[in-house]
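Peer 1: Dumping the structure here so I can ask a few things about it.
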Amino acid sequence: MKSKTYILEMFPYPSGNIHMGHVRNYVIGDISARYHKLKGDEVVHPMGWDAFGLPAENAAIQFDTHPQDWTLKNIESMKSQLQKLDLDLDWDRELATCNEDYYRHQQELFVDLFNAGLAYKKDALVNWDPVDQTVLANEQVIDGKGWRTGAPVEKKVLSQWFFKITDYAEELLNDLDGLSLWPEKVKTMQRNWIGKSTGAEINFSIIGAGNSLNIFTTRPDTIYGATFIALSVNHKIVNQLLSQDEIKKIKSDFDKIIDEKDKRGIPLKIKCKHPLLDKELPVYIANFVLDNYGEGAIFGCPAHDDRDYDFAQKYSIPIIKVIECDDKELPFSGDGIVINSPILDGLSKNDAINKIINYFEKNKIGKKSINYKLRDWGVSRQRYWGCPIPVIYYDDGSYRVLDKSELPVVLPYDVNLNGKGNALLGHENWRKLICPKTNQTAYRETDTLDTFVDSSWYYIRFLNNKNNKPFDINDVNRFLPVDKYIGGIEHAILHLLYSRFFMKALRDIYKLNVSEPFKQLFTQGMITHKTYKNDTDWVMPRDVAIKEGNLIDIRSQALVTEGPSEKMSKSKKNVVEPDEILDNYGIDATRIFMISDSPPDRELEWTDEGIQSSKNIINRIERYFQNRQTTINDETIKNVEKYVFEIEKNILNFSLNKCVANIYTLFNKLEKSKVYLGENKISEKILICLFPILPRLSSKIYENLFHKEIVTTTWPDVDKNLLLENKLELPIQINGKFSSTISTKKGYKEDNLLKAVYELDKVKNRLSNKKIRKVINVQDKIINIITD
RNA sequence: GCGCCAGUGGCGGAAUGGUAGACGCACUGGUUUUAGGUACCAGCGGGCAACCGUGGGGGUUCAAGUCCCUCCUGGCGCACCA
């Protein structure tokens, strides 16, 4: 059986237009796909559309159209733009997540997840984006603002669906170690996001009340230094002690704090008992205690924690040192010897942690605990244009997840979109139904799934996009994981973490053999372009010219200043349109420029000179092959062999900029030597190697020379014997510094060669009046002569 | 603040511990062309030279852009995570 290679570029949102970033992304993948096809692999290289999501709803309201019409039209126009790029894609695998034949299977997976206990509903304090009028996942809140709208996120209690990604926290963390072909950076970001910390959960009883509260800490060794307790304002005990109005007031006071590091506390009437000492600890509500981490409560040990120290200073709370250190060093959070702690004195930090946890467990005060920053994934979105959640509700408030036989729940087309709230809520005919099982009146869930659910399994659906089941288990086991997944680093956490979770959850539900969806992840760099500005506005680079040494706007003659090269964006007017570039320079020049000037994982600066020189090398190659003489010599054969080898190596490493350098060097040599190849095996080798990068050019020349299609050939084997060069320009160093080279052959005899070396002028001069102490000969590599 | 990554000509970038600057761009001179956003030839780190040069300082090594320590600068990510 052929070996398989699954190459995938992150599928686009159908905004209507492809941009140069897409082009770079898809060209990188396409080079790989074409190479693997020539190698004879069974290549999967699909393309589809991440087609649900808010922009469609916003556009529908703005342009008086329908999200579906808008989306389908965009898909059509983007598809035709993509086809102009002539990418080697499996269009028969195409899918769009907004189509019923995609999302109906997603509803099935939802049922599976529910039955497996991995989807559940609960009241939750959620992130509410007031502009988009929807809930956001924790991952979608950046600096307290919505990831799309930038609006400050509000906290709201809503009944929401969640996926239990936390069940997989440990595995998601551990399996990162096995992803050797992922960028370290992405793995680090995921590790930080999962945020595992080990410590203890300690129980503090509230004096005079029957109850107690739990606190998570990573520093149980500092328990004897505890001098206060602080709670998040959302802690349930606060809810019992204060009225809603009081809580509201505190929250709004906290919200008004401008300095984010400012510590504020509100003392509560209760006191906690220190679990080990006969001592009362005051209890505060504090603004710096997070409600969504640990237990939403801390014990404060001011001597050994920066935040607790600030707080204690401000509210005159005692500071008790329990780790040996100089008073000047306070707060000291490092390692040290424990003091002032009856049963821990003299121990190191780690020993003290172990001992105190044992003691807690024996005395039922607390226990060892592992805490994750990762929360369960909230997937409910109060929007129309998404996958309906297959759940119905009864009048008594109970609900039922539909059976697979009752699917799909089809998203209705006839909705009234006005931008206020969820259009599905207003669609009574769709919402209301008689439950076939109970004959009761029921109402459909009107929330739809986060679109990150859609993209969490699309790479699986590509394998069987027309199957009437979500996927075929045999095909999943055969074709997954994706061998090379190419896309932007902006998905380092959200999409990639969710997909990893889905793969593992589906593995457990369907007994699949695949645990990780993406074997290799390659994150391509963005495309930048010079920016220009006049007094009031950005100016398009094409409108800028030099006049009398000054940059001017050719439309108004106004002076223009040049800014840095920045990511292409419409607002900065520094975009170039793929259509225009393709028309002016052709597909191959565009392709080779996308990989020319910098490594594919770094930024690429768009320049007019760059795209022009890409066009020039294509013309040069074409001209070269117009000479049909055959004047091959041994050196040419060796050279070609060498560059075939290099090009292959560099394609496999994604060192595509080096591939381009290989092509230039090869043709520089061929042209310089005036050797022509004609209809020869050597021509064939070169053209096949060029094919992944320059498919149009190489297939045209190939067909002219050999009268058959280049795709019917296979990638040439490299004759390793030809790579072995016998002649050698051996470098000579004196005291480790380069002096000169000497022509010789591999396998030279050191003694014989040294005689000739000492006769070299440069060597003679440098060695005069000096005594040779020793000679280092690294055979066939270098000779280093050491003097006194 | 914490964590990653990176500092090499005018610019983008090459260099399994072994001739630093491959390849491209820009630039300079020349040839062809009515003309050229074309093509071709030559040059292109600094210095007249010996030599000196990979952010600074130390170290390991016969040999360091590459390995180790330390500092500086820039970028990215996280950020009151108990």
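Every read-out reported here was derived from the displayed coordinates using simple, explicitly stated rules and does not represent laboratory data. Computed from a prediction, not measured in an experiment: that's the story for all the values here. When we count neighbours, we look across all protein chains shown, and the Cβ atoms used for this are built from the backbone with ideal geometry, even at glycine.
Peer 1: If you stretched the chain out fully between residue A:584 and residue A:768, how much longer would it get, using 0.36 nm times the residue separation minus the C-alpha to C-alpha distance?
Peer 2: 59.9 nm
Peer 1: Subtract the Cα-Cα distance of residue A:145 and residue A:174 from 0.36 nm times their separation in residues, and report this length gain in nm to one decimal.
Peer 2: Gain on extension, residue A:145 to residue A:174, equals 7.4 nm.
Peer 1: Exceeding 32 Å between C-alpha atoms, which entries from my cross-link table qualify? They are A:271/A:362; A:321/A:368; A:121/A:196; A:547/A:572; A:469/A:700.
Peer 2: A:469/A:700
Peer 1: Compute the FRET efficiency between residue A:278 and residue A:244 as 1/(1 + (r/R0)^6), taking r as their Cβ-Cβ distance and R0 = 41 Å, and round to the nearest 0.05.
Peer 2: Given R0 = 41 Å and the Cβ-Cβ separation, E is 0.70.
Peer 1: Tell me which aspartates and glutamates have Cα within less than 16 Å of residue A:511's Cα, excluding those fewer than 8 residues away on the same chain?
Peer 2: Partners within reach: A:112, A:472, A:475.
Peer 1: May I ask for log10 I(q)/I(0) of chain A at q = 0.10, 0.11 Å⁻¹, from a Debye sum over the Cα atoms as equal point scatterers with solvent left out?
Peer 2: Here log10 of I(q) over I(0) equals -1.18, -1.27.
Peer 1: By a straight-distance test (C-alpha under 19 Å), which aspartates and glutamates pair with residue A:770 as possible cross-link partners, with residues fewer than eight away in the same chain excluded?
Peer 2: Partners within reach: A:759, A:761, A:788.
Peer 1: If each of residue A:122 and residue A:545 carries a label point 7 Å out from its Cα toward its Cβ, how far apart are those two points in nm?
Peer 2: About 6.7 nm, to one decimal.
Peer 1: Using label points projected 7 Å from each Cα along Cα→Cβ, tell me how many nm separate residue A:750 and residue A:509, to one decimal.
Peer 2: 6.8
Peer 1: Calculate the length of the line joining the C-alpha centroid of the stretch A:60-85 to that of the stretch A:547-587, in whole Å.
Peer 2: 27
Peer 1: Can you tell me, using C-alpha contacts under 8 Å and at least 6 residues apart, the relative contact order of the stretch A:713-788 as a whole percent?
Peer 2: Rounded, it is 33 percent for the stretch A:713-788.
Peer 1: In the structure displayed, which of A:2/A:708; A:122/A:248; A:37/A:164; A:145/A:185; A:746/A:774; A:269/A:355 lie more than 29 Å apart, Cα to Cα?
Peer 2: Over 29 Å Cα-Cα: A:37/A:164; A:269/A:355.
Peer 1: Hey, for a label at residue A:437 modelled as a point 7 Å past Cα toward Cβ, could you say which residues of the stretch A:152-174 have their backbone N under 11 Å away?
Peer 2: Flagged as within label range: none.
Peer 1: While we're looking at this one, here's another question. To make sure I understand, if each residue's beta carbon is the centre and we count other beta carbons within 10 Å, what order do A:173, A:723 fall in, fewest to most?
Peer 2: Placing the least packed residue first, the sequence is A:723, A:173.
Peer 1: Starting from the Cα of residue A:609, step 7 Å along the direction of its Cβ; do the same at residue A:335; then give the gap between the two resulting points in nm.
Peer 2: In this crude spin-label approximation the distance works out to 5.3 nm.
Peer 1: Using a Förster radius of 45 Å, what is the FRET efficiency between residue A:562 and residue A:737 based on their Cβ-Cβ separation? Nearest 0.05, please.
Peer 2: Between residue A:562 and residue A:737 the formula returns 0.60.
Peer 1: Suppose a student asked you for the relative contact order of chain A, using Cα pairs under 8 Å spaced at least 6 residues apart; what percent would you report?
Peer 2: Relative CO of chain A lands at 12 percent.
Peer 1: Could you tell me which of the pairs A:155/A:263; A:155/A:236; A:649/A:720; A:263/A:367 are separated by over 19 angstrom between their Cα atoms in the structure shown?
Peer 2: A:155/A:263; A:263/A:367
Peer 1: Now a separate question. Find out how many positive minus negative residues lie around residue A:213, taking Lys and Arg as positive, Asp and Glu as negative, among other residues whose Cβ is under 10 Å from that of residue A:213.
Peer 2: 0
Peer 1: Relative contact order for the stretch A:568-720: what percent, with Cα pairs under 8 Å and sequence separation of 6 or more?
Peer 2: Answer for the stretch A:568-720 is 26 percent.
Peer 1: Which FRET efficiency value, to the nearest 0.05, is calculated for residue A:711 and residue A:69 with the Förster distance at 41 angstrom and r the Cβ-Cβ distance?
Peer 2: 0.60
Peer 1: Just how far, in whole angstrom, is the stretch A:238-259 from the stretch A:721-758 if you go by their alpha carbon centroids?
Peer 2: Cα centroid to Cα centroid, the span is 80 Å.
Peer 1: Would you work out if the stretch A:685-788 is rounded, prolate or oblate? Take a ≥ b ≥ c from the square roots of the eigenvalues of the alpha-carbon gyration tensor; rounded if a/c is under 1.5, else prolate when a/b is larger than b/c, oblate otherwise.
Peer 2: Here the stretch A:685-788 falls in the prolate category.
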